[in-house]
Amino acid sequence: RSSSVKSQQVKQVLVPRRGYGSESVPERKVAILGAAGGIGQPLALLMKLNPLVSNLALYDIANTPGVAADVSHINTRSQVAGYMSEEQLGQALEGSDIVIIPAGVPRKPGMTRDDLFNINAGIVKSLSAAIAKYCPNAIVNMISNPVNSTVPIAAEIFKKAGTFNEKKLFGVTTLDVVRAKTFYSGKAEVPVEEVNVPVVGGHAGITILPLFSQATPKANLRDEDIKYLTKRTQDGGTEVVEAKAGKGSATLSMAYAGAIFADACLKGLNGVPDVVECSFVQSSVTELPFFASKVRLGKEGVEEVLGLGPLSEFEKEGLELLKPELKASIEKGIKFANES
Ligand code: NAD
Ligand code: LMR
C-alpha cells in the first residue's frame, strides 16, 4: 500500500476491480451475527466469495470456530475471523461497515413468523444494543423474523442509545423479490435473469405485496395468474417450512438473497451509482412508519426511498388489506423495545 492511500480517511487497498472509476476498492468489514446457523453458514460462504469484502467477522453463540476455520481456507480476498460467546461480540462488531443479522429461531410447520417474536425479539434487542455500542455507524441488514417487528425493535434500541440513523437500518425482504422473479418467470415464460418485480409492504403473509403489474419483461398474464403468483409469493416461506417438515425454514435461498442485498449495500457504500433494491425501511411512502419499497442505496445507506409507482386495482386492494397487520407488528416491536 502506498503512503498516500494510507493517509486517506477511507481505508483503501489497491486492487483492480471492474465497474469502479479508480483502480482501488475500499476495505470493508462485514459481520454476520448468527453465522453458524442454517442461513449463517451459506451466507458466510457467499460473503467470502464477494471481492468487495476485506474482513469477514463470523459471530454466533456456538460453533463459530469451525465455520470460520472452514470458510477461511477459501482463496479469496477477505480475512476471516470467528467469534463466540458474548465476551467476543464487541471484537466481532468493531469497525464493521455492515452487520448482517440472521440470529434467532426459525419456524416449524403451523407457526407464523409472529410466533417467533417471544424468542427472537430478545435476541435482536441485545444484538442491537451491542451494535449501538461497538459499531454505531454500521449499516444493519436485519434477517431475523418477524422482520416486521425486529426492524422497529432495532430502531427503538438505537434511538435509546442515541445512535439511530434511519438511512442505515434495513429489513431484508430480498427473498420475496427473488421468489417473485422466479415464479413470474415460470408463468410468463420469460428468461428469469431478465425479470424484475418490485415487492412492497412487509415480510409476512399478506403484508408481502408483489407488484406484478410493474414486472418486466411485460407479459399479458390473466388476472387469475396474477392472483396465483401473488399468493405463491406471499406463502413462499411457508412452502419451504412445510417441505422441510420441522427442520427449519429457507436457508439456502435466504443466504443467496442476503448476499445479494449485502452486495448492493457494499456497492452503494463504495459509490456505485443507481443501486436499487427493495427493503423494509423507515418510510413516508404510506402512513406506516416502516414499509418495504424500492430504495436507492448510496454512500450513507438509504439515498432515496422510492415511491410505489402506479398500482393495479388488485394491488391497491392488497395495499389496504396489509396495512392493519403491518401496523400491529410494527407497534408490537416498538412496545417491546420500550417496555422490556
Ligand atoms: P438457525 O436456527 O439455523 O440459525 C440461527 C443461529 O442463530 C444459530 O446458529 C444460533 O446459535 C444463533 N443464535 C441464537 N441466538 C443468538 C445470539 N444471541 N447471538 C448470535 N447468534 C445467535 O436459523 P436460520 O434458519 O438460520 O434462521 C434464522 C432467522 O432468520 C430466523 O428467525 C428465520 O425466521 C429468519 N429468516 C428470515 C428470512 C427473511 O426473508 N428475512 C428468511 C429465512 C429465515
Ligand atoms: C421466509 O420467507 O422464507 C422466511 O421469512 C422464513 C419463514 O419463516 O418463512
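Seen from Leu56, the other residues with C-beta closer than 9 Å to its C-beta sum to a net charge of +2, counting Lys and Arg as +1 and Asp and Glu as -1.
Within the set Lys160/Lys327; Lys231/Lys299; Lys108/Lys160, which residue pairs have Cα atoms separated by over 29 Å? Present the calculation step by step, with values, prior to reporting the outcome.
Working: Lys160/Lys327 21 Å; Lys231/Lys299 36 Å; Lys108/Lys160 33 Å.
Violating the 29 Å Cα-Cα cut-off are Lys231/Lys299; Lys108/Lys160.
Rounded to the nearest 10 degrees, the angle from helix 147-161 to the longest Cα principal axis of the chain is 40 degrees.
How would you rank 86-98, 174-186, highest first, on the average number of other Cβ atoms within 10 Å across their residues?
Numbers: 86-98: 18.1, 174-186: 22.8.
In descending order of packing, they fall as 174-186, 86-98.
For the peptides 230-239, 267-276, the ranking by mean Cβ contacts within 10 Å, running from highest to lowest, is 230-239, 267-276.
Taking the mean number of other Cβ atoms within 10 Å as a proxy for protection, how do you rank 241-253, 52-64, 122-134 from highest to lowest? It would help to have the intermediate numbers written out before the result.
On the way: 241-253: 16.2, 52-64: 22.5, 122-134: 19.8.
In decreasing order of mean packing, 241-253, 52-64, 122-134 become 52-64, 122-134, 241-253.
Just add up the charged neighbours of Asn338: K/R +1, D/E -1, any other residue whose Cβ is under 9 Å from the Cβ of Asn338. With Lys, Arg at +1 and Asp, Glu at -1, the net is 0.
Counting Lys +1, Arg +1, Asp -1, Glu -1, what net charge surrounds Gly248 among other residues with beta carbon under 11 Å of its beta carbon?
Working: positive: Arg107, Lys108, Lys244, Lys247; negative: none.
So the surrounding residues net to +4.
Close amide H contacts of Thr251 (hydrogens built in the peptide plane, cut-off under 5 Å, sequence separation of 5 or more or a different chain): none are found.
3J(HN,Hα) along region 326-340, derived from phi through the Karplus expression 6.51 cos²θ - 1.76 cosθ + 1.60 where θ = phi - 60°, amounts to 5, 4, 5, 5, 5, 5, 4, x, 4, 4, 4, 5, 8, 9, 8 Hz, with x in place of Gly and Pro.
Note on Ala62 and Gln79: their simple-model spin labels are 3.0 nm apart, each label 7 Å out from Cα toward Cβ.
Find the Cα radius of gyration of region 184-276, compare it with 2.2 N^0.38 Å by division, and give the number to two decimals.
Values: Rg = 15.1 Å, N = 93, 2.2 N^0.38 = 12.3 Å.
Normalised Rg, Cα atoms only: 1.23.
If the chain linking Asp274 and Ala219 were pulled fully straight, counting 0.36 nm for each residue of separation and taking away their Cα-Cα distance, it would gain 17.3 nm. Taking amide H atoms as placed 1.01 Å from N in the peptide plane, the amide H of Ala292 lies under 5 Å from those of Gly201, Gly202, Val281, each 5 or more residues away in sequence or on another chain.
Readers should treat all values here as calculations from the given coordinates under stated rules, not as data from a laboratory. If you're wondering where the values come from, they're calculated on a predicted model, not measured in any experiment. All Cβ positions, even for glycine, are placed from backbone atoms using ideal geometry, and neighbour counts span all protein chains on display.
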